[in-house]
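The values are calculated or read from the model by the stated rules, or taken from the named source; none is laboratory data. Please read all numbers here as calculations on a predicted model, not as lab measurements. Cβ placement follows ideal geometry from the backbone for every residue including glycine, while neighbour counts extend to all protein chains displayed. SASA here: full protein model, heavy atoms, side chains in, ligands and nucleic acids out. Shrake-Rupley method; radii C 1.70, N 1.55, O 1.52, S 1.80 Å.
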Amino acid sequence: ALCSGFFSEGYEFLQKPPAGFYPRLGVISFAGIVGLFLARGSKIKKLVYPAVLMGIGTSMYYPQQAVDIAKVAGTQLYDWSLQGYIAVEALWKDN
């Protein structure tokens, strides 16, 4: 039931999108394709470049949401780096 509700809402959204939705989607998708083109060679680049370029494209159109996501991501990265530092320090002291 949850899945059918999600798809019906998505279908309704695509039938009556907000103003400028499809051009924005086109710009964001094009940024991802450019990222794939620039990332020739490395598998890591093929993951990072499109994601970064799509993120930049998205943040142009949705700046407040991008700021909120960046705050959460920054906090999470800080927590992970602190946990990594503590783990390395514990290994160093044990040796």
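Can you tell me which residues in region 43-69 are aliphatic (A, V, I, L, M) and either surrounded by 12 or more Cβ atoms within 10 Å (Cβ to Cβ) or within 13 Å of the chain's Cα centre (by Cα) (or both)?
Residues satisfying the conditions are LEU47, VAL48, ALA51, VAL52, LEU53, MET54, ILE56, MET60, ALA66, VAL67, ILE69.
Hey, which of the helices (runs of 4 or more DSSP H) in region 1-68, taking only ones fully inside, have at least 3 residues that are modelled with pLDDT of 75 or more?
Counting at least 3 such residues, we get 21-38, 43-61.
Just wondering, is there one or more residues in region 73-86 that are β-branched (Val, Ile, Thr) and open to solvent by 70 Å² or more (accessible area, probe 1.4 Å)?
Scanning region 73-86 turns up at least one residue that is β-branched (Val, Ile, Thr) and open to solvent by 70 Å² or more (accessible area, probe 1.4 Å).
Show the residue pairs meeting these rules: Cβ distance below 8 Å; 6+ apart or different chains; first residue within region 38-61 and closer than 18 Å to PHE21 by Cα; second residue in a helix (DSSP H, G or I) and aromatic (Phe, Trp, Tyr).
GLY57/PHE30
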